[in-house]
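First the structure, in the form of structure tokens, and then the observations on it.
The values are calculated or read from the model by the stated rules, or taken from the named source; none is laboratory data. Small disclaimer: the values here were computed from a predicted structure and weren't measured. So basically every Cβ, Gly included, is an ideal-geometry build from the backbone, and we count neighbours across all protein chains shown. Remember, those area values only see protein heavy atoms, side chains included, never the ligands or the DNA or RNA. Shrake-Rupley method; radii C 1.70, N 1.55, O 1.52, S 1.80 Å.
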Amino acid sequence: RKKQFQEDLNTIHNLFNDAWSNNWGFVPFTREEFELLGKYLKLLVNEDFIRIAEVDGVPAAFMVVLPNLNEAIRECKGRLWPFGWLKLLWRMKVTHPETARVPLMGVRRRYHDSLLGAGLAYRLISELREAVANYGIKNVEFSWILEDNTGIRNIIEDNGGMVYKTYRIYCKHL
């Protein structure tokens with residue numbers, strides 16, 4: 001909500017740090033980092049592409065969909081000046097990319113591995129599926145899903161998603 005931007009940003013920051021806190025390699029966002037991220041994303045993200053779910057009036061889950069900037073910027077052919085930025089703005093705000101991604105999603109830790117947590121995730125996906133379809137977005141990529149996070153992986157696959165990329169991190173002690 002544009003009128004409650006700071007409040008919603010603080011809510012998402014709190015939810016994100018809580019929801020992701022047990023993930024391997026997680027480092028919590030500081031308030032300053034998240035505010036800078038919010039400042040830039042505010043320019044790109046339509047408020048229809050952000051949802052915060054509540055349980056008994058308390059924020060419990062969130063999801064953010066970003067239109068695919070790479071698709072939109074392709075028409076600029078690597079040149080934003082002098083008029084490429086107008087093409088990019090037109091593409092993001094008027095004609096819209098056909099693809100998007102979900103880089104930020106989380107359910108409060110206390111609801112992990114529960115039917116309520118799964119229900120929150122299903123509801124967010126369902127609502128945002130409708131919102132992005134209204135903008136002509138045909139494909140959405142969920143990213144940064146840990147391989148052992150079977151709960152959300154099952155929910156995504158149940159909604160028609162499939163694994164098509166796997167990133168690996170290897171370690172060797174020297």
Among what's in segment 34-78 and is open to solvent by 90 Å² or more (accessible area, probe 1.4 Å) and modelled with pLDDT of 80 or more, pick the residue that is farthest from residue 108 (Cα to Cα). 74
Can you tell me which of (1) more than 18 Å from the chain's Cα centre (by Cα); (2) surrounded by 12 or more Cβ atoms within 10 Å (Cβ to Cβ); (3) at pLDDT 80 or above is the one residue 28 doesn't meet? (1)
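If I go through segment 150-174 residue by residue, how many of them are among the polar types (S, T, N, Q), open to solvent by 60 Å² or more (accessible area, probe 1.4 Å) and out of contact with any Asp or Glu (no Cβ under 9 Å at 6 or more places or on another chain)? Can you show your working first?
Pass one, segment 150-174, residues among the polar types (S, T, N, Q): 150, 154, 159, 166.
From what is left, the residues that are open to solvent by 60 Å² or more (accessible area, probe 1.4 Å) are 150, 154, 166.
Adding the requirement that they be out of contact with any Asp or Glu (no Cβ under 9 Å at 6 or more places or on another chain) leaves 150, 154.
Matching residues across segment 150-174 total 2.
From the residues in segment 120-146 that are among the aromatic types (Phe, Trp, Tyr) and part of a loop (DSSP other than H, G, I, E, B), which one is surrounded by the most Cβ atoms within 10 Å (Cβ to Cβ)? If you could, list the steps in order and put the result at the bottom.
Residues of segment 120-146 among the aromatic types (Phe, Trp, Tyr): 122, 135, 142, 144.
With part of a loop (DSSP other than H, G, I, E, B) added as a condition, the list becomes 135, 144.
Working: 135: 16, 144: 13.
Step by step, filter segment 120-146, then rank; the result is 135.
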Answer with yes or no whether residue 120 is modelled with pLDDT of 90 or more and under 24 Å from residue 46 (Cα atoms). yes
Of all residues in segment 1-17, how many are open to solvent by 70 Å² or more (accessible area, probe 1.4 Å) and touching a residue at least 60 places away in the same chain (Cβ under 8 Å)? 0
Top-ranked residue in segment 79-119 [being of a type outside the set (A, V, I, L, M) and in contact with a Phe, Trp or Tyr (Cβ under 8 Å, 6 or more places away or on another chain); ranked as most open to solvent (accessible area, probe 1.4 Å)]: 101
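Tell me, please, whether a residue that is among the β-branched types (Val, Ile, Thr) and without any contact (Cβ under 8 Å) to a residue 12 or more places away in the chain can be found in segment 140-149. First the steps, then the outcome.
Start the filter on segment 140-149 by keeping residues that are among the β-branched types (Val, Ile, Thr), which leaves 140, 145.
Subsequent filtering for residues that are without any contact (Cβ under 8 Å) to a residue 12 or more places away in the chain retains 145.
Yes - at least one qualifying residue is present in segment 140-149.
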